[in-house]
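Remarks on the structure that follows.
The values are calculated or read from the model by the stated rules, or taken from the named source; none is laboratory data. Please read all numbers here as calculations on a predicted model, not as lab measurements. Cβ: placed from backbone, ideal geometry, glycine included. Neighbour counts: every protein chain shown. For the accessible areas, the whole protein counts, side chains as well, though only heavy atoms, and no ligand, DNA or RNA atoms are used. Shrake-Rupley method; radii C 1.70, N 1.55, O 1.52, S 1.80 Å.
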Amino acid sequence: MSTPAVVPPHAPAAEARERLGAIDVGSNSIRLVVAEYDPSSGLTIIDEVKEQPRLAAGLATTGRLDEAAIQRAYETLRRMREVCQRRGVRRLNAVATAAVREAENGEDFTNLVREELEIPLRIIDADHEASLSYRSVAHHFKLEGGRTIVADIGGGSLELIGAVDGLVEYSTSLPFGAVRATEMYLPGKREMHKEISTLRGQVRKRLRRAFPGKEWIGATIIGSGGTFTNLGRMAAARRGSSPANPVHGLTVKAAEVEHLVEWLGHMTPEQRNRVAGLNPQRADIIVAGLAVTASILDWVEARELTISAYGLREGLLLEMVGDDAVPIAVDPLRLIREFVERCHGDRRHVEHVRLLSLQLFDQLAGELGCEPSERPLLEAAALLHDVGQMVSYRKHHLHSYQLIMHAERLNLDPHQRTIVALLSRYHRRRGPRKKHEEFAALEQKDKLMVRRLAGILRVADGLDRGHTATVESLATETGRSRLTITAIPRLAGADLSLECWSASQKADVLETVLGRTITITPG
């Protein structure tokens with residue numbers, strides 16, 4: 001269980017939503033996440049801080065935490081404590097992992113932090129570390145069906161958790177963290193490709209013991225930690241996307257990993273500093289992290305992996321509030337709803353537009369030629385289409401596009417994000433146009449998808465013009481040259497003239513896509 005932090009007298013009084021803090025003292029990085037917790041709505045992240053004091057530097061050869069590294073970590077934690085005080089954190093959970101756990105003077109370090117900084121830092125064992133990482137991943141991904149391996153590459157260790165149908169069956173900790181593997185296997189004394197080959201051989205040998213038999217072949221791989229997020233950003237940059245885009249949920253092919261290992265392995269750390277998507281602070285350890293990643297993919301014969309931008313610190317938050325308070329079952333729209341909340345959106349309106357959009361999609365999918373995979377994109381856009389009003393109502397559709405493209409935690413891969421952002425842009429005013437640069441850059445199949453989904457969203461938004469959720473359901477009737485949409489009121493006799501008029505004004509895009517005149521009438 002977590003230990004309550006001592007909150008100084010000048011800290012803000014507790015609010016209706018309790019503020020929690022979680023600190024992960026890792027071998028390479030130290031991370032703080034601050035969240036608000038409400039039993040009815042769960043956790044909402046409000047601040048994050050990350051620094052890289054590299055506690056594990058030199059540990060592999062000396063067995064002790066270096067004094068300079070201790071001082072860097074101490075100053076980092078002091079600053080994080082100040083952030084917690086300013087943010088009004090009432091409970092703080094802080095843990096130390098592989099580097100502190102294995103160092104001869106690890107206990108001395110945690111005692112120093114507890115006594116001088118009043119941060120309740122505790123050392124956790126490898127099993128607990130793995131379970132926290134898995135809890136975070138399970139909260140954000142559906143793990144039911146088949147086998148999943150969650151890999152968390154830290155600075156000092158590689159944590160592997162094997163799950164079957166969402167239930168943990170196996171976990172192990174291997175000494176292949178990015179910092180440790182660099183110091184032990186890539187010291188630069190031989191040609192880099194030979195050192196990489198030695199490292200990968202050692203990883204394969206340990207994986208053979210850790211996962212005997214063939215039952216894990218073909219398992220889904222989900223990667224957590226800085227190695228994986230940097231991998232995602234580099235892969236995005238090489239694909240022509242912005243490396244600044246969030247990478248949570250991004251899929252990276254095994255071939256891409258292999259190419260990056262070879263490419264970066266031929267560079268000096270100074271040359272790697274200039275690689276798009278790579279944090280310069282990881283330039284000297286990224287090759288080791290990617291070599292370990294490639295070895296995992298090769299061992300289970302996986303063609304790809306999925307990146308989780310969440311890690312042990314989110315697992316700490318979940319541990320603090322308890323599984324009963326925040327179900328592990330994933331709401332795929334939770335992060336999107338949290339973003340709408342942060343943008344002060346009208347939740348009643350966007351949730352209603354979501355329902356109306358899905359009704360139209362389900363009834364018109366055949367006529368429009370929609371694929372099932374398009375439905376969640378429409379659903380996300382319906383929730384996000386008005387977030388731009390936080391900036392200004394005027395041209396808020398354009399503001400929505402920009403906010404969605406740059407939001408950090410939406411659980412959308414780059415392609416999905418672009419589609420959802422464009423749908424939100426086209427929910428009002430003029431529809432998709434070839435002269436619009438972002439739309440023109442899409443492949444033809446995506447242009448068609450944006451047109452048909454934007455057409456649905458525009459009509460659904462018009463049907464809640466007054467933000468009153470007066471229209472309860474819709475019925476459609478398709479003729480040779482006409483589509484009739486009947487709006488059925490929530491209350492018998494309700495006046496739907498505003499809603500039907502507004503939806504008719506916005507039906508132009510859907511009319512073009514269907515090739516039919518659209519009539520919208522009250523039922």
Legend entry - So GLU371, is it under 24 Å from the mean Cα position of the chain (by Cα), at pLDDT below 95 and not β-branched (Val, Ile, Thr): no
Inset, instruction - Only residues in the range 90-104 that are among the β-branched types (Val, Ile, Thr) count as the first member; pair them with residues that are assigned to a strand (DSSP E or B), Cβ under 6 angstrom, at least 6 apart or cross-chain, and list the lot. - result: VAL95/ARG122; VAL100/ILE123
Inset, instruction - Output yes when any residue across the range 417-432 is over 30 Å from GLU314 (Cβ atoms), free of Cβ contacts under 8 Å to residues at least 12 places away in the same chain and open to solvent by 60 Å² or more (accessible area, probe 1.4 Å), and no when none is. - result: yes
Inset, instruction - Might you check whether a residue that is modelled with pLDDT under 95, open to solvent by 50 Å² or more (accessible area, probe 1.4 Å), over 27 Å from ASP284 (Cα atoms) and touching a helix residue (DSSP H, G or I) at 6+ places or on another chain (Cβ under 8 Å) occurs anywhere in the range 133-141? - result: yes
Inset, instruction - Would you mind telling me which numbered condition in (1) open to solvent by 60 Å² or more (accessible area, probe 1.4 Å); (2) over 13 Å from HIS352 (Cα atoms); (3) at pLDDT below 95 LEU448 fails? - result: (3)
Legend entry - Scan of the range 70-112 for residues that are under 18 Å from GLY155 (Cβ atoms) and either assigned to a strand (DSSP E or B) or of a type in the set (Val, Ile, Thr) (or both), ordered by number: ILE70, THR76, ALA94, VAL95, ALA96, THR97, VAL100, THR110
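Is one or more of the residues making up the range 9-25 open to solvent by 50 Å² or more (accessible area, probe 1.4 Å), over 18 Å from LEU312 (Cα atoms) and at pLDDT 90 or above? Break it down into steps so the answer makes sense when it comes.
Taking the range 9-25 and keeping what is open to solvent by 50 Å² or more (accessible area, probe 1.4 Å), we get 9-10, 12-18.
Remaining after also requiring over 18 Å from LEU312 (Cα atoms): 9-10, 12-18.
Narrowing the set further to residues that are at pLDDT 90 or above leaves none.
No, because not a single residue in the range 9-25 is open to solvent by 50 Å² or more (accessible area, probe 1.4 Å), over 18 Å from LEU312 (Cα atoms) and at pLDDT 90 or above.
Is it the case that the range 210-229 has a residue that's in contact (Cβ under 8 Å) with a residue 60 or more places away in the chain, more than 27 Å from ALA163 (Cβ to Cβ) and surrounded by 14 or more Cβ atoms within 10 Å (Cβ to Cβ)? So that I can check it myself, show each step before the final result.
As a first pass, look at the range 210-229 and keep what is in contact (Cβ under 8 Å) with a residue 60 or more places away in the chain: 211, 215-229.
Next, from what is left, pick out any that are more than 27 Å from ALA163 (Cβ to Cβ): none.
Among the residues of the range 210-229, not one is in contact (Cβ under 8 Å) with a residue 60 or more places away in the chain, more than 27 Å from ALA163 (Cβ to Cβ) and surrounded by 14 or more Cβ atoms within 10 Å (Cβ to Cβ), which makes the answer no.
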Inset, instruction - Determine whether LEU305 is touching a helix residue (DSSP H, G or I) at 6+ places or on another chain (Cβ under 9 Å), within 21 Å of PRO414 (Cα to Cα) and open to solvent by less than 10 Å² (accessible area, probe 1.4 Å). - result: yes
Inset, instruction - Taking the options ASP413, ASP346, ASP386, name whichever one is among the acidic types (Asp, Glu), in contact with an Asp or Glu (Cβ under 7 Å, 6 or more places away or on another chain) and crowded, with 17+ Cβ neighbours inside 10 Å. - result: ASP386
